[in-house]
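The values are calculated or read from the model by the stated rules, or taken from the named source; none is laboratory data. Here the structure is a predicted model, which means the values were calculated and not measured. We place every Cβ from the backbone using ideal geometry, glycine too, and count neighbours over all the protein chains shown.
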Amino acid sequence: MKFGVLGPKESEIGYSTKRILEEAKKEFKEAELIPVIDVRLKADRKGIHAFYGKKALEKYDYIIPRIDSKRAEVGYPVMRFLDHLGVRKPYVAETVIIAHNKFITLEQLAKNGVPIPETYLTSSKESANYIIEKLKLPAVIKLLSGFGGEGVLMIDSKEAFKSIIETMKILKQEMLIEKYVKNPGEDIRGIMAGDEIIASYKRIAAEGERKANIHLGGRSISHKLTPEMEEITFKAGKAIKSKLCAVDMIIGKEGPQVIEVNINFGLKGIEKTTDINIAKRIIEFVKDEVKR
Ligand SMILES: Nc1ncnc2c1ncn2[C@@H]1O[C@H](COP(=O)(O)OP(=O)(O)O)[C@@H](O)[C@H]1O
Ligand SMILES: [Mg+2]
């Protein structure tokens, strides 16, 4: 069994990639990091090939991509090659495009019947004003590729809304405008691998904060998904064409609403919170996939 993680350079790998490789080395004869920038893609009239050093990537039995938004542009063509070469992995090249853009993720979820908050995308001030008349406040404005809660703004007043759209316009940013789901600053994450939920937990926002990100002082506690949430998690994964992802939901009056799907979900702190060896569960999923 030849296993690889397609990720950053050795010196830049984070906790989660390290943990996945650590567990993979216990189970597989060969398990290694394939830095996406070191991959060579070759195309000629006979076809296409991908190499890492002397190794052809089609020789790998399974590859898990850990491509962050910084490397998505380099990673996308590599993923396309792997799709074509038939290398097994948890998702396709298109998933990288879908997952790295919050609005395209929501579009994909909406098309597949996954519950999401009412969401709009626009680039002009005029249409943003029109949207806010329809949507009513409070609302949430998000940058398309933010993470860790940093590109997310909660808007409570028309004045705040006006000054934010002015700034967004200056920055030439597209605006994702979303209905605020009333909740006590909590969100629920379900991590799916194949047909199993391998971990789930709730994040609770810090005092005086409405965003539940750990990055912003939020804390996490173990939390079991209801059958409805499980179904939504699997449906969301399918909608972005991924067998391995973390699905974030907010529980509003109308039930769970998916706000985000993450293909590069982090394990740091969460293995401790849930007391689950998530990296090991991921490797078990890989073993099942290869057996198919
Ligand atoms: N529509 C919404 N209604 C209420 N709270 C929201 C909404 N969208 C996001 N939040 C809160 O803000 C946090 C960050 O939003 P999210 O879209 O997950 O961005 P990020 O990718 O930066 O984590 C969420 O964890 C949630 O607590
Ligand atoms: Mg989030």
All positions within the stretch 262-286 that are away from ligand 2 (no atom under 16 Å from the Cβ) and not in a helix (DSSP H, G or I): D275, I276, N277
Index of the failed condition, L176 passing every other in (1) crowded, with 20+ Cβ neighbours inside 10 Å; (2) within 16 Å of ligand 2 (Cβ to nearest atom); (3) within 23 Å of E271 (Cβ to Cβ): (3)
Residue that is closer than 24 Å to S69 by Cβ and of a type in the set (D, E, K, R), where the choices are E260, E230, E289, E254: E260
Boolean, I198 is aliphatic (A, V, I, L, M), surrounded by fewer than 22 Cβ atoms within 10 Å (Cβ to Cβ), in contact (Cβ under 8 Å) with a residue 40 or more places away in the chain and farther than 21 Å from F147 by Cα: yes
The stretch 203-228, subset away from ligand 2 (no atom under 16 Å from the Cβ) and of a type outside the set (S, T, Y), residue farthest from F147 (Cα to Cα): P227
Residue identified as among the acidic types (D, E), under 19 Å from the mean Cα position of the chain (by Cα) and closer than 22 Å to L143 by Cα among D195, D248: D248
Residue count for the stretch 179-190, restricted to those that are under 19 Å from K102 (Cβ atoms) and either crowded, with 22+ Cβ neighbours inside 10 Å or among the charged types (D, E, K, R) (or both): 5
Filtered residues of the stretch 3-20 (kept if aromatic (F, W, Y) and either assigned to a loop (DSSP other than H, G, I, E, B) or touching a helix residue (DSSP H, G or I) at 6+ places or on another chain (Cβ under 8 Å) (or both)): F3
Residue match in the stretch 34-57 (condition: acidic (D, E) and closer than 30 Å to I276 by Cβ): no
Qualifying residue in the stretch 64-71 (condition: touching a Pro at 6+ places or on another chain (Cβ under 7 Å) and at pLDDT below 95): yes
Among the candidates A205, A246, residue that is surrounded by 17 or more Cβ atoms within 10 Å (Cβ to Cβ), without any contact (Cβ under 8 Å) to a residue 24 or more places away in the chain and either in contact with a Phe, Trp or Tyr (Cβ under 9 Å, 6 or more places away or on another chain) or of a type in the set (A, V, I, L, M) (or both): A205
Test: residue in the stretch 134-152 that is outside any loop (DSSP other than H, G, I, E, B), out of contact with any Gly (no Cβ under 6 Å at 6 or more places or on another chain), more than 16 Å from ligand 2 (Cβ to nearest atom) and farther than 18 Å from I250 by Cβ: yes
Set L85, L21: member being crowded, with 21+ Cβ neighbours inside 10 Å and free of Cβ contacts under 8 Å to residues at least 40 places away in the same chain: L21
